[in-house]
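Just below is one structure, and these are the notes that go with it.
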Amino acid sequence: MSYLKLQQLAIGYGNSKTAVDQLDLDVAQGELISLLGPSGCGKTTTMRAIAGLIDLRAGSITLDGRDIGRLPPNKRNIGMVFQSYALFPHLNVFDNIAFGLRLRKVDNNNLRKRVEKVIAAVGLSGFEARLPAQMSGGQQQRVALARAIVIEPKLLLLDEPLSNLDAKLRVQMRAELRRIQRELGITMLYVTHDQEEALALSDRIVVMHGGKIEQLDTPEQLFSAPRTRFVANFMGYENLFDYQEGHLLGNGQRLPFVVTAPGQFACAGWRPEQVKVGDGQYYGTVRSRGFLGDSVEYVLCTPIGDIKGVAPASAASWREGDSVKFSLPAASVLLLPA
């Protein structure tokens, strides 16, 4: 049975056109689902509607068997962590976390126990008296998470909560988020535009495009078997070409490539790391190169358009303007049906 159920949601701002249209989604209790997509796809709009910050134009939102779609935000029992954290600068860690409990008039003994428990869960024991200005970005993020968790919400919404952190801390914090979510069994909806973040965190991922769900799948399936050209490109298949009668098509040109798999296919694609630069049956001219440490990424100008590929750094001696061989391995091609 669905714990969170969105049915035929239609959401918009003022008199503008509908930003999200006919959206259906079922979330199981204790599940962590990411809403993934580029800016303007409707992911944050969907989350804000669930929180009650935007009115629905149509549809329903059911949480734990209760229709909450027309309730005010404070009646939905939903926690939310914003991108900015929104901590009170004049309150210490303990009082920031306790704020929601005090609004709910929780007695002091119970309040202290709940705050201390959640402070330990997010790894902030010993920081109770610190002010936000005395803490790092990662520590502030934990305070914001603890403040949302301590009210024991039925659902926790997180809107790009790690985007203000540096790359190393972001990786550490997403591991902490996953640990906390699993230990406490909280149902989470997580908004991000970062594919790697969604893959690392989620039980399932919703890829959104133009206010609709383009694909809903496990991270493994989404990564290896995207079902549409948009999802494939968004998940890293940067080399995508129309396919017809044994040829890749682009720029009004054709490049021979024979598909042996049964079926009719309209598109063939490869990730950059699957295109091997320096060997193969095709030729391209180096348009640009980027050093990545162990490897060098090349953008090659070919008759059908630019193709991005990779070569080991030890063997990557080609420069802009050089002609170089490359391969498009049949074993790793992604084929999308007509």
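The values are calculated or read from the model by the stated rules, or taken from the named source; none is laboratory data. Here the structure is a predicted model, which means the values were calculated and not measured. FYI the Cβ positions are ideal-geometry reconstructions off the backbone, even for glycines, and counts take in every protein chain you see. For accessibility, only protein heavy atoms count, side chains too; no ligands or nucleic acids. Shrake-Rupley method; radii C 1.70, N 1.55, O 1.52, S 1.80 Å.
Taking Cα atoms only, the orientation of helix 108-121 departs from the longest principal axis of the chain by about 20 degrees. A simple spin-label model places the labels of Glu128 and Ala175 2.9 nm from each other, with each point 7 Å out along Cα-to-Cβ. Computed extension gain for Ser60 through Ser224, at 0.36 nm per residue and net of the alpha carbon distance, reaches 55.8 nm.
Think of the chain as having a plus end and a minus end, set by charges on the Cβ of Lys, Arg, Asp and Glu; of Ser314, Ser224, Gln140, Gln140 sits farthest toward the positive end of this dipole. Normalised per residue, the accessible area of the chain is 48 Å², obtained with a 1.4 Å probe and no contribution from ligands, DNA or RNA. Between the helical axis of 137-149 and the longest alpha-carbon principal axis of the chain there is an angle of about 60 degrees.
Would you compute, from DSSP H runs of 4+ residues alone, the mean residue ellipticity of the chain at 222 nm, taking -39500 (n - 2.57) per run and dividing by the full residue count, rounded to the nearest 500? Result for the chain: -7500 deg cm²/dmol, rounded to the nearest 500.
The charge dipole of the chain, taken about the Cα centre with unit charges on the Cβ atoms of Lys, Arg (+1) and Asp, Glu (-1), comes to about 1080 debye, rounded to the nearest 20.
Projecting the Cα positions of Leu36, Asn164, Asn239 onto the charge dipole of the chain (unit charges on Cβ atoms of Lys, Arg, Asp and Glu, taken about the Cα centre) puts Asn164 furthest along the positive direction.
R0 = 45 Å: FRET efficiency of Asp279 with Ser16, Cβ-based, nearest 0.05? Efficiency, from the Cβ-Cβ distance: 0.30.
How large is log10 I(q)/I(0) at q = 0.11 Å⁻¹ when the Debye formula is applied to the Cα atoms of the chain, each weighted equally and without solvent? Results for the chain at q = 0.11 Å⁻¹ read -0.83. Peptides 42-51, 180-189, ordered by how many other C-beta atoms sit within 10 Å of their residues on average, highest first, read 42-51, 180-189. In plain terms, the C-alpha convex hull of segment 237-336 casts an average shadow of 6.0 nm² when viewed from every direction. Seen against the Cα atoms of the chain and their longest principal axis, helix 93-103 is set at about 70 degrees. On the protein heavy atoms, probe 1.4 angstrom, tell me the percent of accessible surface of the chain carried by carbon and sulfur. That share works out to 49 percent.
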